[in-house]
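The values are calculated or read from the model by the stated rules, or taken from the named source; none is laboratory data. None of these values were measured; they are calculated from a predicted model. As a convention, Cβ positions derive from the backbone with ideal geometry for all residues, glycine included, and neighbour counts pool all protein chains shown.
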């Protein structure tokens, strides 16, 4: 194995590979539902709000990823609550939370003493810095999210397809709105350390969007999105190793290139 | 009630006894004697099922106010098992709102709705016996999902990803009933208006419901296609006892297929056998003077239910 993929002799690369495969798979599955529900902007806002969570974690001396999970979930719940309970449109509510949490994040970073190299690595991710705890945390959270998404996929697809039909059939639509946002917040928090705050929503949206260009049914959509997500994650990591580039942006560039290819292929057929 | 009674119209007065004769105002008399005094329209809600043992749909004193606008008020009616009831009225009369309130998609200011003997706010297991077809289905037409996969959503207990081959036959049978079997593997967003309606009807019928609620099923379908759509529903009704409540804008269809008609324009203006209650003055009240003269119908002597002919 190490003959074929020489970089795998390094433990940090082994951890990185496990991490990107986990995140690539998780983000692709999540992305199918996010695009189905037209929630790209929401996922963007959640990922950016992770900045404040991480800064808060560093400031309070707790694990930044754990702090990010809590903060993202809180922001997701806040957005959902205001969208359901007020007359405001969801993009307005998201816009408020987006900018508010970004401002808070930058303010909190300013409160830190000294040079914040650790904090900045969260902006664009640093897969080579992940430790065993990060990998274990990613794997278990990803397992929970993916299991939930597949276990209740009929319900989630039905709600996304038409809320009235789902309501008439007895689905607890609002409860599932909250649950879905929580799952999305978890996905973002898990992925932030690997691809970074700025790029995590790209890894969620782009594989599903690319699959949508070529898939003829929902099963293929899911399958192709997962393949693209995994390809982007693995190829991006390997390419970043050889090109000596940042891994997060390289992974995103690979999936964007695949998106362009599927766009052309989809137009032709 | 057999379908022959319904469509042949041999005994409209007899058939009308339960639902039309004893209207819910009468029910109020029996239940609490509150009828006539407008402020006390809150009828006792208990025991309605006993009063109407054959009722599939029981709507009592239903009023909907949204943002200060009264969309409809004090609507009461009963639909017996196996009957077809059609709701007519002009645009903005509150027809869709009434259907949505019946299904508890909107919360009424007052009144109750019983579907198949259960309060619509707490339907429980009765839900699977109710098929619903919305007027318009808002969905993302670009999303890659096939007719087969949409139908799988209705068979939710058995999951979406597994055992697909085994479920194909069930779905195929359902689609054949509405002559849509060829659409099985089509993407839902690529269907024409009429095709989509057929698929939605198959979806509503998939679990063999006892009650079918259709909101203006012909909206967006060409006239030739529309005829066959109503015939389709009518044909399914002849195969098994099925209660149908549907919104319609077409009086021809009402005369041809409805056991009872409900004229709605913010309130219930008529309620009964179409041939009996759809008199010009009622139509005028419902639709306005112009429509009433337009729809003034000439009864065929051999057909007591009457046919509408547009001249």
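Quick notes on this structure:
- All positions within segment B:158-200 that are over 13 Å from residue B:147 (Cα atoms), out of contact with any helix residue (DSSP H, G or I) (no Cβ under 9 Å at 6 or more places or on another chain) and within 13 Å of another protein chain (Cβ to nearest Cβ): B:162, B:163, B:165
- Counting the residues of segment B:140-153 that are facing another protein chain (nearest Cβ under 9 Å) and either more than 22 Å from residue B:174 (Cα to Cα) or surrounded by fewer than 18 Cβ atoms within 10 Å (Cβ to Cβ) (or both) gives 3.
- Candidate set from segment A:131-156 (those that are in contact with a helix residue (DSSP H, G or I) (Cβ under 7 Å, 6 or more places away or on another chain) and free of Cβ contacts under 8 Å to residues at least 40 places away in the same chain); member that is nearest to the other protein chains (Cβ to nearest Cβ): A:154
- Taken over segment B:206-215, residues that are within 14 Å of another protein chain (Cβ to nearest Cβ) and either at positive phi or not in a loop (DSSP other than H, G, I, E, B) (or both) amount to 4.
- Selection count where residues are surrounded by 17 or more Cβ atoms within 10 Å (Cβ to Cβ) and in a helix (DSSP H, G or I), scope segment A:124-134: 3
- For segment B:102-123, the set of residues classified as within 16 Å of the chain's Cα centre (by Cα) and in contact (Cβ under 8 Å) with a residue 40 or more places away in the chain consists of B:102, B:103, B:113, B:114, B:115, B:116, listed by residue number.
- Of the helices (runs of 4 or more DSSP H) lying entirely inside segment A:146-214, those carrying at least 2 residues that are under 27 Å from residue B:127 (Cα atoms) are A:153-161, A:163-168, A:173-195.
- Set B:253, B:245: member being at pLDDT 80 or above and in a strand (DSSP E or B): B:245
- Whenever a residue of segment B:124-138 is more than 20 Å from residue B:82 (Cα to Cα) and more than 9 Å from chain A (Cβ to nearest Cβ), its partners that are part of a helix (DSSP H, G or I) and modelled with pLDDT of 85 or more, lying with C-beta atoms within less than 7 angstrom and at least six residues away or across chains, give the pairs B:135/B:96.
- Matching option when the condition is part of a helix (DSSP H, G or I) and within 30 Å of residue A:67 (Cβ to Cβ), among A:238, A:260, A:255, A:227: A:255
- Lone unmet requirement of (1) surrounded by fewer than 21 Cβ atoms within 10 Å (Cβ to Cβ); (2) closer than 30 Å to residue B:160 by Cα for residue A:233: (1)
- Flag if residue A:251 is in contact with a helix residue (DSSP H, G or I) (Cβ under 6 Å, 6 or more places away or on another chain), surrounded by fewer than 24 Cβ atoms within 10 Å (Cβ to Cβ), away from chain B (no Cβ under 13 Å) and touching a residue at least 12 places away in the same chain (Cβ under 8 Å): no
- Qualifying residue in segment B:17-27 (condition: part of a loop (DSSP other than H, G, I, E, B), out of contact with any helix residue (DSSP H, G or I) (no Cβ under 7 Å at 6 or more places or on another chain) and at pLDDT 90 or above): no
- Number of the condition not met by residue A:37 [criteria: (1) modelled with pLDDT under 90; (2) within 14 Å of another protein chain (Cβ to nearest Cβ); (3) within 18 Å of residue A:190 (Cβ to Cβ)]: (3)
- Listing of strands (runs of 3 or more DSSP E) fully contained in segment B:43-153 that carry 1 or more residues being under 30 Å from residue B:168 (Cα atoms): B:130-133
- Counting only residues that are under 19 Å from residue B:163 (Cβ atoms) and more than 7 Å from every other protein chain (Cβ to nearest Cβ), segment A:157-171 holds 0 of them.
- For segment A:210-223, the set of residues classified as more than 9 Å from every other protein chain (Cβ to nearest Cβ), at pLDDT 95 or above and either crowded, with 22+ Cβ neighbours inside 10 Å or within 10 Å of residue A:266 (Cβ to Cβ) (or both) consists of A:210 only.
- Given (1) within 14 Å of chain A (Cβ to nearest Cβ); (2) more than 20 Å from the chain's Cα centre (by Cα), index of the condition residue B:99 fails: (2)
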